[in-house]
Amino acid sequence: MTKDSYFEMCEMMGSEPVEADIPVEFDDLPVFVQETFNIYSYLSDRWEGMSATFMGKDYNIVFNLFEIFSIDSADKHLMLKIMSSLDRIRGSIIRKKQESKKA
């Protein structure tokens, strides 16, 4: 649900929007997090061939991307931590989808 559709729904129901229920959109995230997602999206996926298991992103070019996007040295460590978390979350989502297809 987008923010606009949430606000429309609240208007139709005659209720006030609840701050905690307003959906977060990409533009609402801090610029640092947006940049992290952007760099993460440039990295290619690694898959295990026989089982089609998601192995995470290929980080071979990440420092080149940091240089291209002029990322501060101090921010690189935090960006890598966020990207690692994204890999774990994305891997979990992909595994659950694969398991539900088998069932």
Pair list, Cβ under 9 Å, 6 or more apart: the range 6-23 residue at negative phi and surrounded by 10 or more Cβ atoms within 10 Å (Cβ to Cβ), other residue among the hydrophobic types (A, V, I, L, M, F, W, C) and assigned to a loop (DSSP other than H, G, I, E, B): Tyr6/Ile22; Phe7/Ile22; Met9/Met1; Cys10/Val18; Pro23/Met1
Residue within the range 1-20 that is out of contact with any His (no Cβ under 9 Å at 6 or more places or on another chain), at pLDDT 95 or above and basic (Lys, Arg) present: no
Sole exception among (1) in contact with a strand residue (DSSP E or B) (Cβ under 7 Å, 6 or more places away or on another chain); (2) among the charged types (D, E, K, R); (3) touching a residue at least 40 places away in the same chain (Cβ under 8 Å) for Arg46, by number: (3)
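The values are calculated or read from the model by the stated rules, or taken from the named source; none is laboratory data. Treat the numbers as computed from the prediction; the structure is a model and nothing was measured. FYI the Cβ positions are ideal-geometry reconstructions off the backbone, even for glycines, and counts take in every protein chain you see.
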